[in-house]
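Q: My structure is below; once you've seen it, I'll send some questions.
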Amino acid sequence: YGSLEWRPDEGKEGGALLYSRYDNTARVEIPTTGMSAAEGTMMLWGKLAGPYPANRVDASYFFGHTTRPPYANRIQLYMDSDDTILDLGLGNSHTRRTGIKRLQTRIWHHIALTWDSGQYVVYVDGEKITEGSYTGLTILHKFMDIGNDGNPSQGTASSGAKPVKAL
(Lines give C-alpha, C1' and ligand atoms only; values in the text may rest on other atoms or scores of the structure.)
Protein backbone atom coordinates (compact mmCIF):
# COMPACT_ATOMS: atom_id res chain seq x y z
CA TYR A 1 0.00 0.00 0.00
CA GLY A 2 1.15 3.54 -0.64
CA SER A 3 4.26 4.78 -2.40
CA LEU A 4 6.50 1.75 -2.69
CA GLU A 5 9.04 1.32 -5.46
CA TRP A 6 10.41 -2.07 -6.51
CA ARG A 7 14.19 -1.97 -7.07
CA PRO A 8 15.11 -5.28 -8.79
CA ASP A 9 18.87 -4.66 -8.72
CA GLU A 10 19.07 -3.75 -5.03
CA GLY A 11 18.54 -5.65 -1.81
CA LYS A 12 20.27 -8.56 -0.17
CA GLU A 13 18.91 -11.03 -2.71
CA GLY A 14 16.53 -10.52 -5.61
CA GLY A 15 15.48 -6.90 -5.17
CA ALA A 16 14.16 -4.52 -2.55
CA LEU A 17 11.25 -2.19 -1.86
CA LEU A 18 11.95 1.51 -1.37
CA TYR A 19 9.53 3.25 1.00
CA SER A 20 8.74 6.92 0.36
CA ARG A 21 9.64 9.28 3.18
CA TYR A 22 6.63 11.42 2.23
CA ASP A 23 3.92 8.74 2.21
CA ASN A 24 2.79 7.75 5.70
CA THR A 25 0.57 5.02 4.23
CA ALA A 26 3.46 3.03 2.70
CA ARG A 27 3.47 -0.52 4.02
CA VAL A 28 3.48 -4.18 3.08
CA GLU A 29 0.94 -6.39 4.84
CA ILE A 30 2.21 -9.85 5.74
CA PRO A 31 0.16 -12.69 7.22
CA THR A 32 0.64 -13.67 10.84
CA THR A 33 0.16 -17.33 9.91
CA GLY A 34 2.23 -19.51 12.23
CA MET A 35 2.42 -16.78 14.87
CA SER A 36 0.25 -16.39 17.92
CA ALA A 37 -0.02 -14.04 20.85
CA ALA A 38 1.86 -16.70 22.83
CA GLU A 39 4.77 -17.16 20.40
CA GLY A 40 6.18 -16.03 17.11
CA THR A 41 9.12 -14.66 15.17
CA MET A 42 9.35 -11.67 12.85
CA MET A 43 12.49 -10.92 10.86
CA LEU A 44 13.58 -8.95 7.81
CA TRP A 45 16.48 -7.28 6.09
CA GLY A 46 16.31 -3.48 6.24
CA LYS A 47 18.45 -0.56 5.19
CA LEU A 48 17.98 2.93 6.65
CA ALA A 49 18.45 5.81 4.24
CA GLY A 50 19.16 8.19 7.13
CA PRO A 51 18.10 9.19 10.66
CA TYR A 52 14.44 9.69 11.36
CA PRO A 53 13.51 13.38 10.79
CA ALA A 54 13.57 15.48 13.97
CA ASN A 55 10.40 17.41 13.11
CA ARG A 56 8.17 14.32 12.98
CA VAL A 57 6.07 13.27 15.97
CA ASP A 58 5.50 9.70 14.85
CA ALA A 59 8.00 6.90 14.31
CA SER A 60 9.66 4.94 11.51
CA TYR A 61 8.80 1.25 11.73
CA PHE A 62 10.63 -1.80 10.50
CA PHE A 63 7.46 -3.73 11.28
CA GLY A 64 4.39 -3.40 13.43
CA HIS A 65 1.20 -4.91 14.77
CA THR A 66 -1.20 -3.25 17.21
CA THR A 67 -4.87 -3.01 18.09
CA ARG A 68 -6.92 0.09 18.62
CA PRO A 69 -8.21 1.14 21.07
CA PRO A 70 -6.21 1.36 23.28
CA TYR A 71 -3.12 0.63 21.16
CA ALA A 72 -2.58 -2.69 22.89
CA ASN A 73 -1.23 -5.98 21.56
CA ARG A 74 1.90 -4.38 20.10
CA ILE A 75 4.68 -6.07 18.18
CA GLN A 76 6.82 -3.20 16.90
CA LEU A 77 10.46 -2.48 16.10
CA TYR A 78 10.98 1.18 15.22
CA MET A 79 13.13 4.32 15.42
CA ASP A 80 12.08 7.83 16.46
CA SER A 81 13.37 11.07 18.00
CA ASP A 82 15.77 12.06 15.18
CA ASP A 83 17.89 8.96 15.50
CA THR A 84 18.68 5.49 14.19
CA ILE A 85 18.32 3.81 17.58
CA LEU A 86 16.14 0.70 17.55
CA ASP A 87 13.22 0.62 20.02
CA LEU A 88 10.73 -2.14 20.88
CA GLY A 89 6.99 -1.92 21.49
CA LEU A 90 5.62 -5.24 22.72
CA GLY A 91 2.47 -6.34 24.49
CA ASN A 92 0.85 -3.41 26.27
CA SER A 93 3.79 -0.98 25.99
CA HIS A 94 4.99 1.15 23.06
CA THR A 95 8.29 1.64 24.90
CA ARG A 96 8.87 -1.89 26.20
CA ARG A 97 12.61 -1.43 25.54
CA THR A 98 14.16 1.73 24.12
CA GLY A 99 17.74 2.44 23.10
CA ILE A 100 18.35 -1.14 21.96
CA LYS A 101 21.02 -0.43 19.36
CA ARG A 102 22.13 2.41 17.10
CA LEU A 103 21.87 1.19 13.50
CA GLN A 104 24.20 2.38 10.80
CA THR A 105 22.63 3.99 7.75
CA ARG A 106 23.12 2.84 4.18
CA ILE A 107 24.04 -0.74 5.11
CA TRP A 108 21.80 -3.80 5.33
CA HIS A 109 20.81 -5.05 8.79
CA HIS A 110 19.05 -8.30 9.62
CA ILE A 111 16.47 -7.45 12.29
CA ALA A 112 14.63 -10.18 14.22
CA LEU A 113 12.26 -10.40 17.17
CA THR A 114 11.05 -13.56 18.87
CA TRP A 115 8.42 -13.71 21.59
CA ASP A 116 7.43 -16.76 23.62
CA SER A 117 5.17 -16.96 26.65
CA GLY A 118 6.11 -13.59 28.13
CA GLN A 119 9.79 -13.56 27.07
CA TYR A 120 11.32 -11.78 24.07
CA VAL A 121 14.68 -11.60 22.30
CA VAL A 122 15.83 -8.99 19.75
CA TYR A 123 18.59 -9.85 17.28
CA VAL A 124 20.50 -7.49 15.00
CA ASP A 125 22.75 -8.97 12.34
CA GLY A 126 22.56 -12.40 13.98
CA GLU A 127 23.64 -11.15 17.42
CA LYS A 128 21.35 -11.27 20.45
CA ILE A 129 21.11 -7.61 21.44
CA THR A 130 18.54 -7.65 24.23
CA GLU A 131 16.03 -9.90 25.94
CA GLY A 132 13.40 -9.48 28.59
CA SER A 133 9.84 -10.08 29.63
CA TYR A 134 6.57 -8.56 28.46
CA THR A 135 2.87 -8.59 29.30
CA GLY A 136 -0.31 -7.65 27.49
CA LEU A 137 0.00 -9.48 24.15
CA THR A 138 -3.31 -11.32 23.93
CA ILE A 139 -4.46 -11.34 20.27
CA LEU A 140 -3.04 -11.07 16.76
CA HIS A 141 -4.75 -9.78 13.64
CA LYS A 142 -4.47 -11.76 10.41
CA PHE A 143 -1.76 -9.33 9.19
CA MET A 144 1.10 -7.21 10.45
CA ASP A 145 2.93 -4.55 8.48
CA ILE A 146 6.44 -3.98 7.22
CA GLY A 147 7.02 -0.23 7.16
CA ASN A 148 4.53 1.03 9.75
CA ASP A 149 2.88 0.43 13.12
CA GLY A 150 0.42 -2.24 11.92
CA ASN A 151 -2.74 -0.57 13.18
CA PRO A 152 -5.57 -2.03 11.06
CA SER A 153 -8.27 0.21 12.59
CA GLN A 154 -6.96 3.32 10.87
CA GLY A 155 -7.27 2.02 7.32
CA THR A 156 -4.01 3.82 6.53
CA ALA A 157 -0.68 3.81 8.28
CA SER A 158 0.01 6.23 11.07
CA SER A 159 3.75 6.00 10.93
CA GLY A 160 5.22 8.38 8.41
CA ALA A 161 7.36 5.77 6.72
CA LYS A 162 10.98 6.78 6.25
CA PRO A 163 12.88 5.27 3.34
CA VAL A 164 13.53 1.79 4.66
CA LYS A 165 14.39 -0.88 2.15
CA ALA A 166 13.14 -4.33 2.96
CA LEU A 167 13.79 -7.61 1.19
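The values are calculated or read from the model by the stated rules, or taken from the named source; none is laboratory data. No experiment lies behind these values; they were computed from the predicted model shown. Cβ placement follows ideal geometry from the backbone for every residue including glycine, while neighbour counts extend to all protein chains displayed. SASA here: full protein model, heavy atoms, side chains in, ligands and nucleic acids out. Shrake-Rupley method; radii C 1.70, N 1.55, O 1.52, S 1.80 Å.
Q: On the full set of protein chains, 1.4 Å probe, figure out the accessible area of THR138 and give it in Å² to the nearest 10.
A: Accessible area, nearest 10 Å²: 100 Å².
Q: Where does the charge balance sit around VAL124 when Lys and Arg score +1, Asp and Glu -1, over other residues with C-beta under 14 Å from its C-beta?
A: On the way: positive: LYS47, ARG97, LYS101, ARG102, LYS128; negative: ASP87, ASP125, GLU127, GLU131.
Summing Lys/Arg as +1 and Asp/Glu as -1 gives +1.
Q: Could you state the number of Å between the C-alpha centres of the range 91-146 and the range 1-51?
A: One Cα centre to the other: 15 Å.
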